[in-house]
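The values are calculated or read from the model by the stated rules, or taken from the named source; none is laboratory data. None of the values given here were measured: they were computed from a predicted structure. Every residue, glycine as well, gets a Cβ built from its backbone with ideal geometry; the counts of neighbours run over all protein chains shown. Please note that ligands, DNA and RNA were not included when accessible areas were found on the heavy atoms of the full protein model with its side chains. Shrake-Rupley method; radii C 1.70, N 1.55, O 1.52, S 1.80 Å.
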Amino acid sequence: MLPPLPTSAPISTEARLAYVLRHFRQAYAEVPEVSIGYAHQQPQVEIVDGAGDFFSRQNPYPPTPTSREWQDQVLPVFFDLNPEQPLLELLPANRARINADLISAAFYLLSGWQEYFSNERDQHGRFPYTASVQHRYGFVAVPVVNYYFDILKTAIEHVAGQSLQPRRWINEAPFATFITHDIDALHSAWKAPAKAALHRGNLLRFGKLLWQRFLKSDTWDNLELVQKTVAGYDAKSTFFLLPEHRRASNGTPNADYKLAATALQWRFKALVKHGGEVAVHGSIGTSVDQQHLVREQAQMPASASGNRFHYLSWEPRRTPAVVVEAGFAYDSTLGFAEHFGFRNSYCLPFRPFDFTQGRACTFLEIPLNVMDATLHHPNYLQLAPHEILPALLPMFQEIERFGGVCTLLWHNDHFDPANETTGPRQFAELMQYLRSRNTAFVNGRDILQELGNRS
Ligand SMILES: [Zn+2]
């Protein structure tokens, strides 16, 4: 059931400003000391206040955004009370004014305000994409907060008389790519064809499949193949391991393998030795149960600083505290299962907002941009194989433009050659494109090193 909203103090203007500017400073290589704030602070870059009492109430949705054009992109601008005025005014004497409240708008999207205050949850307890402003106003594949920052950057460049560059990655790469694999199943490739054979009454075929299962290993038992395939693109794999093999109390399946099995522990240790990273794939229920999550963490074959919840479970009112208390340095759950894009409208790792304390959480969220199942699934999108890259291309270009991180989830079972919709061929196509753009392939630890220690 949905946890009640805690009674906490309203989020102050100062807290919102500090949260947003902290992320702004991390998005660019070097930001000169320029004062940014509302009129009463008499800053060099003045933001016109447009939020009214929105942040002292508990409404999940702000008034309808305006549409503004910025660098050939039409942007939704929340808290924009002066649409007849230019968005940005570059003033004499090293001053600038932004006529929409971009600080409040950025805070609203980045903090996940909508999901925290919304009562909408789907059958898995998740905030549904259809309830989001990204869906309502059609901007899920546009990192709107990065565009807000671009406007702020232009104001600062005018005031400081110097240009700002987006952050660069390892070897001056223009953006980074984080390749991840949630390991839900290692032994179940035979099940679907066997079920189909049984359904058709083809007992001979059924018996043959069953027999094969005992004689040789399953097609999905392919961890080494996955690592080798990814390494073929000079990229590295991060494996999210699911320590729970029993079904959840509501019947939702967890792992089809036992992580504690000695042979499997050794295989994962070998993957780590060959440059792989392991992280926790918190089972159903752990997103609201810190002790359960800690117990799962203890089963890992090697030290794990990251987590992603199975089924992308995330209860906005509870989960950030669970991740903090379990001591993870990063999480990579926040994407919409139903659609690729930017759940918090931001293409860089960020610190989720702690609404009870009124400040940033201690862990880094590496937002999830696209998972295989989203692209072709009865409940999600139904893209044909040749439509996948063209559909994702604009999103990749946005990430590159802002020096962000592209997080891709390709489950190990989607490396099965029998998968012709979101399988190894579609993965190869995406990897070839990303490599052709000179991305830096990174894992969670690399990202922490780049961004984790900076405040
Ligand atoms: Zn999973």
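Looking only at residues of the stretch 224-281 that are acidic (D, E) and more than 16 Å from the ligand (Cβ to nearest atom), we find that the one that is most open to solvent (accessible area, probe 1.4 Å) is D234. For the stretch 305-329, the candidate set comprises residues that are crowded, with 23+ Cβ neighbours inside 10 Å and within 17 Å of S237 (Cα to Cα); within that set, the residue that is farthest from the ligand (Cβ to nearest atom) is G306.
Would you mind finding the one in A155, A141 that is in the same structural domain as G37 (by TED's automatic domain parsing) and in a loop (DSSP other than H, G, I, E, B)?
Numbers: A155 fails: in a loop (DSSP other than H, G, I, E, B).
Testing whether each residue is in the same structural domain as G37 (by TED's automatic domain parsing) and in a loop (DSSP other than H, G, I, E, B) leaves just A141.
A residue that is of a type in the set (D, E, K, R) and either closer than 28 Å to S313 by Cα or crowded, with 19+ Cβ neighbours inside 10 Å (or both) occurs nowhere in the stretch 24-32. Of the numbered criteria (1) modelled with pLDDT of 95 or more; (2) under 19 Å from Y148 (Cα atoms); (3) within 30 Å of the chain's Cα centre (by Cα); (4) surrounded by 13 or more Cβ atoms within 10 Å (Cβ to Cβ), the one P60 fails is (2).
Checked against the criterion of being among the hydrophobic types (A, V, I, L, M, F, W, C) and either open to solvent by 10 Å² or more (accessible area, probe 1.4 Å) or over 30 Å from L102 (Cα atoms) (or both), the stretch 143-150 contains not a single residue that satisfies it.
Those residues that are surrounded by fewer than 23 Cβ atoms within 10 Å (Cβ to Cβ), of a type in the set (A, V, I, L, M) and within 16 Å of Y137 (Cβ to Cβ), I need them from the stretch 85-118; list them, please. Result: no residue meets the conditions. The condition of being assigned to a loop (DSSP other than H, G, I, E, B), of a type in the set (G, A, S), in contact (Cβ under 8 Å) with a residue 24 or more places away in the chain and farther than 26 Å from Q265 by Cβ holds for only one of A321, A337, that being A337.
The condition of being basic (K, R) and more than 22 Å from C361 (Cβ to Cβ) holds for only one of R126, R136, R121, that being R136.
Given the criteria away from the ligand (no atom under 16 Å from the Cβ), surrounded by fewer than 19 Cβ atoms within 10 Å (Cβ to Cβ) and of a type in the set (A, V, I, L, M, F, W, C), does A176 qualify?
no
With respect to (1) over 14 Å from E115 (Cβ atoms); (2) surrounded by fewer than 24 Cβ atoms within 10 Å (Cβ to Cβ), the lone exception for C347 is condition (2).
Taking the stretch 278-332 as the range and being basic (K, R) and under 20 Å from D184 (Cβ atoms) as the test, the residues that pass are R295, R308. Taken over the stretch 374-388, the criterion of being within 21 Å of F139 (Cβ to Cβ) and either surrounded by 15 or more Cβ atoms within 10 Å (Cβ to Cβ) or small (G, A, S) (or both) is satisfied by T374, L375, Y380, L381, L383, I388. Being outside the structural domain of E277 (by TED's automatic domain parsing), more than 16 Å from the ligand (Cβ to nearest atom), of a type in the set (S, T, Y) and open to solvent by 10 Å² or more (accessible area, probe 1.4 Å) is a property that holds for Y129. Are any of the residues in the stretch 284-293 surrounded by fewer than 23 Cβ atoms within 10 Å (Cβ to Cβ), within 16 Å of the ligand (Cβ to nearest atom) and among the small types (G, A, S)? Yes, the conditions are met somewhere in the stretch 284-293.
Taken over the stretch 25-79, residues that are of a type in the set (D, E) and within 27 Å of P174 (Cα to Cα) amount to 4. The strands (runs of 3 or more DSSP E) found entirely in the stretch 60-128 include none that carry 3 or more residues being free of Cβ contacts under 8 Å to residues at least 60 places away in the same chain and at positive phi.
Yes/no per residue for (1) of a type in the set (D, E, K, R); (2) farther than 26 Å from V405 by Cα; (3) assigned by TED's automatic domain parsing to the domain that holds G358:
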{"position": "V20", "(1), (2), (3)": "no, no, no"}
{"position": "V31", "(1), (2), (3)": "no, no, no"}
{"position": "V34", "(1), (2), (3)": "no, yes, no"}
{"position": "H40", "(1), (2), (3)": "no, yes, no"}
{"position": "P43", "(1), (2), (3)": "no, yes, no"}
{"position": "D49", "(1), (2), (3)": "yes, yes, no"}
{"position": "Q58", "(1), (2), (3)": "no, yes, no"}
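Listed here are the residues, each with its yes/no results for (1) within 17 Å of the chain's Cα centre (by Cα); (2) without any contact (Cβ under 8 Å) to a residue 60 or more places away in the chain.
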{"site": "F350", "(1), (2)": "yes, no"}
{"site": "F355", "(1), (2)": "no, no"}
{"site": "Q382", "(1), (2)": "no, yes"}
{"site": "F396", "(1), (2)": "yes, yes"}
